[in-house]
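The values are calculated or read from the model by the stated rules, or taken from the named source; none is laboratory data. Here the structure is a predicted model, which means the values were calculated and not measured. In this analysis, Cβ positions are derived from the backbone assuming ideal geometry, glycine residues included, and neighbour counts consider all displayed protein chains. Heavy atoms of the whole protein, side chains included, go into the accessibility calculation; ligands, DNA and RNA do not. Shrake-Rupley method; radii C 1.70, N 1.55, O 1.52, S 1.80 Å.
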Amino acid sequence: MNKIVWKLGMVLALFSILLISACAKPPTEEMAKADKAIADAKAKEADLYVPDIFTKAQDEMKKANDMVNAKKYKEAKTAALEVVKLTQEAVSLIEQNKQKMKEELEKMLPDLQKALDETKSAATAAIKKKAVSSKEELQSTIGKFELDMTSIKEQLQAGKIKQASDLAKTLSEQVNAQKQSLIDMVAQQKPAKK
């Protein structure tokens, strides 16, 4: 009789555990808040100005979804709450990082303009010494650089700091490479005989 009661007790305990775990519900509300937090942070450009924290939030969201799919609801809820925390942190840093990026860009622009002016001078020298094969192609390249410089300033005025910064960095590399190429062409040109 004692064994039967003990076995019945074990069966009831096991059944209770299964029943409790089967009744656990996915953290629907927390997941919805986490999804909304990610979308709101992206709309505020956290992905551009605080990419490291925003990426952590996205990774945590993926983890939360994986936990829901694995029916590990407690871990999913924890991950979803972490997503909300991370996105709040990211949003709080957007303006600070945006301002810092703007200041760096504004410091960079005079150097970029100087490099562009030096490239124009090198282009003029290369054309005079007939060191370039296509004057029109070179003028077109310089014209594109000037248009990009104007675009950077317009984007800066419009508050598109990240886009302006990325374009400025690319333009700086292109202008400096073109300038060096022109200087090298002129240096290789033999002086004309008199």
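General observations
- Residues satisfying the stated conditions in region 89-115, i.e. touching a residue at least 60 places away in the same chain (Cβ under 8 Å) and of a type in the set (Gly, Ala, Ser): 115
- Residue 86 passes every criterion in (1) touching a residue at least 12 places away in the same chain (Cβ under 8 Å); (2) out of contact with any helix residue (DSSP H, G or I) (no Cβ under 9 Å at 6 or more places or on another chain) apart from (2).
- Counting the residues of region 42-51 that are of a type outside the set (A, V, I, L, M, F, W, C) and either under 9 Å from residue 90 (Cα atoms) or touching a Pro at 6+ places or on another chain (Cβ under 8 Å) (or both) gives 3.
- Test: residue 119 is open to solvent by less than 40 Å² (accessible area, probe 1.4 Å), part of a helix (DSSP H, G or I), of a type outside the set (A, V, I, L, M, F, W, C) and at pLDDT below 95: yes
- Residue that is farthest from residue 97 (Cα to Cα), among those in region 28-45 that are open to solvent by 80 Å² or more (accessible area, probe 1.4 Å) and assigned to a helix (DSSP H, G or I): 28
- Of the residues making up region 132-143, not a single one is under 30 Å from residue 54 (Cα atoms) and either outside any helix (DSSP H, G or I) or open to solvent by 80 Å² or more (accessible area, probe 1.4 Å) (or both).
- Verdict on residue 48 being farther than 30 Å from residue 181 by Cβ, open to solvent by 70 Å² or more (accessible area, probe 1.4 Å) and either touching a residue at least 40 places away in the same chain (Cβ under 8 Å) or not acidic (Asp, Glu) (or both): no
- A count restricted to region 69-115 and to residues that are of a type in the set (Val, Ile, Thr) and open to solvent by 40 Å² or more (accessible area, probe 1.4 Å) stands at 2.
- Conditions (1) assigned to a loop (DSSP other than H, G, I, E, B); (2) modelled with pLDDT of 95 or more: number failed by residue 25: (2)
- Region 144-162 - residue that is within 19 Å of residue 42 (Cα to Cα) and free of Cβ contacts under 8 Å to residues at least 40 places away in the same chain and, of those, nearest to the chain's Cα centre (by Cα): 160
- Residues within region 154-181 that are assigned to a loop (DSSP other than H, G, I, E, B) and open to solvent by less than 60 Å² (accessible area, probe 1.4 Å), tallied: 1
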